[in-house]
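Any read-out appearing in this document is the output of simple, stated calculations on the displayed coordinates, not a laboratory observation. Since this is a predicted model, take the numbers as computed values, not measurements. No Cβ is skipped: glycine too gets one built from the backbone with ideal geometry, and neighbour counts run over all protein chains shown.
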Amino acid sequence: MLGKFKKYILILSVLFIAIFVRTYAFEKSATSLNWDEVSITYNAWSLLETGKDEYGDTLPLVFRSFDDYKSPLYIYLTVPFVAIFGPVGNVVRLPSLILGSFSVLGIYLLTFQLFKKRKIAIFTSLFLALLPWSIHFSRVAFEGNILVFFIIFGIYFFYKFVNGKHNNINISIIFFAIGMYAYHSAKLIIPLIVAILIILYWKQIFSLTRRQIIFSVLLSLILIAPLTYSIFFSGAQKRFEDTSIFSKKNIDQVDPARKLFDIENGNNLPSKLFHNRSFYQLDLLFSNYLSHFSPEFLIYTHDNPRHHATRAGLVLLSQFVFILFGMWLLIKKKKFNKEKILVFSLLLTSPMASALTFEAPHSIRASVLMIPLSILGGLGISWLSKKNNRLQRIILGLLIIFTLVNFYFYYHQYISHYKFETSQDWQFGRKEAVEYTNEVEYQYDEIWISNKLEQSYIYWLLYLKVNPEIYLSHGGTKAGYEGFEENTLGKYRFININPKTITNDKKILLIGEKDEFLAKPIKQILSPNKDTAIDITDSSQYEKINK
């Protein structure tokens, strides 16, 4: 009885730690909502009110948004929170917070299923609970974070099936299928994981009755059929074309100078072999892939500033050491069991989707890497904690002290400095600009918002509380990123501002980037670090220049 109570106390304590570090000073997660978060919030509100997105598409499986064609799951998960709290504040971050926190419980359950050792499961869950990558992503609305949750539970229920509970295979299918709708990278990663599981455990799968197999196959097809349709018959393909290293429009000529040099010097064969698009793409693919395992990416700051705290990486330095111990432990073991193959397979497949894109390494697209890294870290801690080896325990003690210091530094950077040093990366100032224009709009005939403030129209939609039903009755959004100057909202126009078009017959308010206008600003919106985020002027200031 006491043993059972102890095991629950341990995992509940880890879960408490995970929730605490993800919710403490939650309002300080970032200075403002970024454009994707604002888009998710408004589209969730639009779904709630009308059953349509901002373009008027009914219950879409791909959201056009800024012509980046977002995956649907996060937006649909946000709908109930908008229904409860309204389209306000950090409501859009709640799905990520909840699923990110419960991923810690999920990885505990998964690791116990894999290794049948509660100590390894506890250490693995604690590793993920304190992983900066998971903490950061759980405090903002990143689609890759919810993908981690669904993959963890998909694998967990598959292993429940392998261990004798046959009905769990259908629960596993449901989690994997839902995960396919979470993020674009899932469309590659989840089929790879499922294929690995089938190869490893085909005997258990084919031990099912024919009726059970047919039911599971039909369930899979029914759940992913809408996704398959959306991939081939919607704008989702455009997302691949915009980001993929294999898109022809992204690579026109490769090393033309070197190619010409080789031709002029009679090196025709090397010129054809090495200075071409295919060779370049293959080289870039391997370079992108390997970059996800570099300490520069994992420990330091080689990624988008929105993806990590300032002066901190995705993994604590001390955690990286635990990962290395975990890898050494698995490699050292002569027994090459299926669980070992799975962990290394997860490690090797997780960055594949990100490696196919130009912006690599990319921590959102490679977010599934959190799973094998946490398992390896848990294995490393467990091995060092063995009672019969004094040296290992001394090393563990030193690493624990280092981890506490390392984590305190990271958390201090995140809570105290992050919002000041990355405000521009989070599009700070848009909300404040909306609030200002709302106060003074009665004084002006038109309000022009510069397209240099990219995707700005969505901020005015959300923060002016423009009712989605009314917005759609006027035609909704006309265009996303490409050609979004077509969007208008009453007297608000989102355009490429040309000073020559400013006339004296209308009083016009102008909103733009810092130093965008020749005229003197009538107001400047300052970021938390006191830099100018947005300049605001009006047509009367241009009249003074002309005089």
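For the chain, the relative contact order comes to 17 percent (Cα pairs under 8 Å, sequence separation of at least 6).
Pull out the extension gain between THR301 and GLU359, defined as 0.36 nm times the separation in residues minus the alpha carbon to alpha carbon distance; nm, one decimal.
19.4 nm
Greater than 32 Å separation of Cα atoms is the criterion. Which listed pairs, LYS70/LYS116; LYS7/LYS332; LYS52/LYS506; LYS452/LYS530, meet it?
As for pairs spanning more than 32 Å Cα to Cα, those are LYS70/LYS116; LYS52/LYS506.
Please report how far the C-alpha centroid of the range 24-62 lies from that of the range 358-377, rounded to the nearest whole angstrom. Between the Cα centres of the range 24-62 and the range 358-377 lies a distance of 25 Å. Comparing VAL104, GLN427, ALA360 along the charge dipole axis of the chain, the residue lying farthest to the positive side is VAL104, per the Cβ-charge model.
Neighbours of SER138, meaning other residues whose beta-carbon lies under 11 angstrom from its beta-carbon, give a summed charge of +3 when Lys and Arg score +1 and Asp and Glu score -1.
When the charge dipole of the chain is built from unit charges on Cβ atoms (+1 for Lys and Arg, -1 for Asp and Glu) and taken about the Cα centre, the candidate among PHE150, PHE325, ILE497 whose Cα reaches farthest toward its positive end is PHE325. Counting only Cβ charges, +1 for Lys and Arg and -1 for Asp and Glu, the dipole size of the range 426-546 around its Cα centre is about 140 debye.
Each DSSP beta bridge with both residues in the chain is either parallel or antiparallel, and the antiparallel ones are about 60%. Once the Cα atoms are used to define both axes, helix 338-349 deviates from the longest principal axis of the chain by about 20 degrees. Here the ratio of the Cα radius of gyration of the range 426-546 to 2.2 N^0.38 Å is 1.03.
Relative to the compact globular guide of 2.2 N^0.38 Å, what is the alpha carbon radius of gyration of the range 410-497, as a ratio? Walk me through the numbers before you get to the answer.
Values: Rg = 15.4 Å, N = 88, 2.2 N^0.38 = 12.1 Å.
Relative to the 2.2 N^0.38 Å estimate, the range 410-497 comes out at 1.28.
Each principal axis of the Cα atoms in the chain has its own extent, and those three values, largest first, are 86, 72, 54 angstrom.
The charge dipole of the chain, taken about the Cα centre with unit charges on the Cβ atoms of Lys, Arg (+1) and Asp, Glu (-1), comes to about 3700 debye, rounded to the nearest 20. Compare the Cα positions of VAL92, SER287, ILE536 along the charge dipole of the chain (+1 at Cβ of Lys, Arg; -1 at Cβ of Asp, Glu; about the Cα centre) and return the one farthest towards the positive end. Towards the positive end, the residue furthest out is SER287. If you take every residue apart from ILE40 with its C-beta less than 14 Å away from the C-beta of ILE40, what net charge results, scoring Lys and Arg +1 and Asp and Glu -1? Surrounding charge for ILE40 is -3.
Using θ = phi - 60° in the Karplus curve 6.51 cos²θ - 1.76 cosθ + 1.60, the 3J(HN,Hα) couplings for the range 313-330 round to x, 8, 10, 5, 4, 5, 5, 4, 5, 4, 4, 4, 4, x, 5, 4, 4, 5 Hz; x is entered for Gly and Pro.
With runs of 4+ DSSP H residues as the only contributors, calculate the mean residue ellipticity of the chain at 222 nm using -39,500 (n - 2.57) per run, divided by the residue total and rounded to the nearest 500. Could the numbers behind the result be given before it?
On the way: 26 runs with 316 residues, N = 547.
Rounded to the nearest 500, the figure is -18000 deg cm²/dmol.
Remark: relative contact order (the range 1-127) = 27 percent; criterion is Cα-Cα distance under 8 angstrom and separation of 6 or more residues.
Relative contact order for the range 426-546: what is it in percent, counting Cα pairs under 8 Å that are at least 6 residues apart? Each step should come with its number before you reach the end.
Values: 180 pairs, mean separation 36.1, N = 121.
Taking the mean separation of contacting Cα pairs over the length of the range 426-546, I get 30 percent.
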